[in-house]
Structure formats: structure tokens, C-alpha cells
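Beneath this line is the structure, given in C-alpha cells, with notes to follow.
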Amino acid sequence: MNNNFDGRKLNGMSISEIAVVIYRDWKRVYFGAAPYLSAMLSLDSISDNYGLDSGRSIVTYFLGNATTWRGEIARAVKKELNARIK
């Protein structure tokens with residue numbers, strides 16, 4: 001458990017800032033999630049586009065490929081990202 005992590009701060013972060021949190025925590029990013037996580041580094045919000053893809057679809061595909069990422073930070077980040085795509 002990461003005692004320095006405050007999941008409440010995720011609410012005020014951009015998608016790219018959340019991607020940095022993910023990279024710091026998820027040591028071996030699943031290959032299926034990697035391209036979406038990389039794309040998230042370029043997004044401010046889910047309403048942005050990455051090439052021809054919407055930010056919403058990038059985040060949705062990331063979440064679909066992030067099932068192997070677990071732990072306190074993973075749960076908080078996934079909860080925040082799911083709330084944003086709803």
C-alpha cells in the first residue's frame with residue numbers, strides 16, 4: 001500500500017497527469033494497454049482527440065486492457081477514469 005497516495009487528488013488531474021500516476025505505479029504495463037496509456041499522455045481531458053480517436057475511446061480501451069493492473073492506486077485510478085467516461 002502506498003501511504004503517500006491520495007486518490008481524491010485524481011479528480012483535479014488531467015488525463016495526462018493520471019497517465020503519469022499509472023506509469024509510476026504499474027511497473028510492467030500489459031502490452032494491450034501500453035498504446036492507450038501512451039496516447040493518454042497527450043490528453044488533457046476525455047473530450048480531446050488523439051489523431052482520429054476520441055479521448056473517451058482511448059480511456060475506454062485503456063480500461064479494457066488494464067485488468068491485470070491491481071492495487072490501491074489502480075482501483076482509485078480506474079474508478080476516476082470510469083466516472084469521467086460516464
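Observations on the structure shown:
A quick yes/no check of all residues on (1) surrounded by 13 or more Cβ atoms within 10 Å (Cβ to Cβ); (2) among the charged types (D, E, K, R):
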residue	(1), (2)
Val21	yes, no
Asp25	yes, yes
Arg28	no, yes
Leu37	yes, no
Ile58	yes, no
Ala66	yes, no
Arg70	no, yes
Lys79	no, yes
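- Taking residues in the stretch 57-86 that are among the polar types (S, T, N, Q), and partners anywhere that are part of a helix (DSSP H, G or I), the pairs with Cβ atoms closer than 7 Å and at least 6 places apart or on different chains are Thr60/Ile85; Asn65/Tyr36; Asn82/Leu63.
- Identity of the residue in the stretch 39-56, of a type in the set (Ser, Thr, Tyr) and more than 15 Å from Leu10 (Cβ to Cβ), that ends up surrounded by the fewest Cβ atoms within 10 Å (Cβ to Cβ): Ser47
- Qualifying residue in the stretch 28-51 (condition: free of Cβ contacts under 8 Å to residues at least 12 places away in the same chain, on the phi < 0 side of the Ramachandran plot and among the charged types (D, E, K, R)): yes
Any read-out appearing in this document is the output of simple, stated calculations on the displayed coordinates, not a laboratory observation. The structure displayed is predicted, hence computed values, not measured ones. Cβ: placed from backbone, ideal geometry, glycine included. Neighbour counts: every protein chain shown.
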